[in-house]
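To start, the structure itself, in structure tokens.
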Amino acid sequence: MTQLPPMRKLQPLPTATVRRVGTTGAAWGRIVATLTNPELVTIAVFCAIGFLIAINLILRFPEFGATLQRLQQF
């Protein structure tokens with residue numbers, strides 16, 4: 001007859017101390033991190049310059065939109 005291995009008692013799990021960060025604090029941190037990303041700033045500036053050029057052309061040449069439509073037909 002073989003002997004069974006000795007029985008060991010399960011040790012209780014230590015209580016975990018979880019420090020929860022408020023959802024508003026975490027969300028604000030993500031927003032700040034996104035807005036301070038240098039790549040995003042570069043893209044936003046590039047788009048803003050293009051938008052300002054387009055508005056400038058539209059205001060200087062009122063028929064610019066019609067001209068673009070005619071050019072797109074080709």
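Here are a few things to note about the model shown:
- Considering (1) modelled with pLDDT of 85 or more; (2) not in a helix (DSSP H, G or I), the lone condition that Lys9 does not fulfil carries the number (1).
So that you can scan it fast, the table gives a plain yes or no per residue for (1) in a helix (DSSP H, G or I); (2) surrounded by fewer than 11 Cβ atoms within 10 Å (Cβ to Cβ); (3) touching a residue at least 40 places away in the same chain (Cβ under 8 Å); (4) polar (S, T, N, Q):
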| residue | (1), (2), (3), (4) |
| --- | --- |
| Gly25 | yes, yes, no, no |
| Arg30 | yes, yes, no, no |
| Ala33 | yes, yes, no, no |
| Val41 | yes, no, no, no |
| Phe46 | yes, yes, no, no |
| Ile49 | yes, yes, no, no |
| Ile53 | yes, yes, no, no |
| Pro62 | no, yes, no, no |
| Leu68 | yes, no, no, no |
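The values are calculated or read from the model by the stated rules, or taken from the named source; none is laboratory data. Remember, predicted model here, so these are calculated numbers, not experimental data. As a convention, Cβ positions derive from the backbone with ideal geometry for all residues, glycine included, and neighbour counts pool all protein chains shown.
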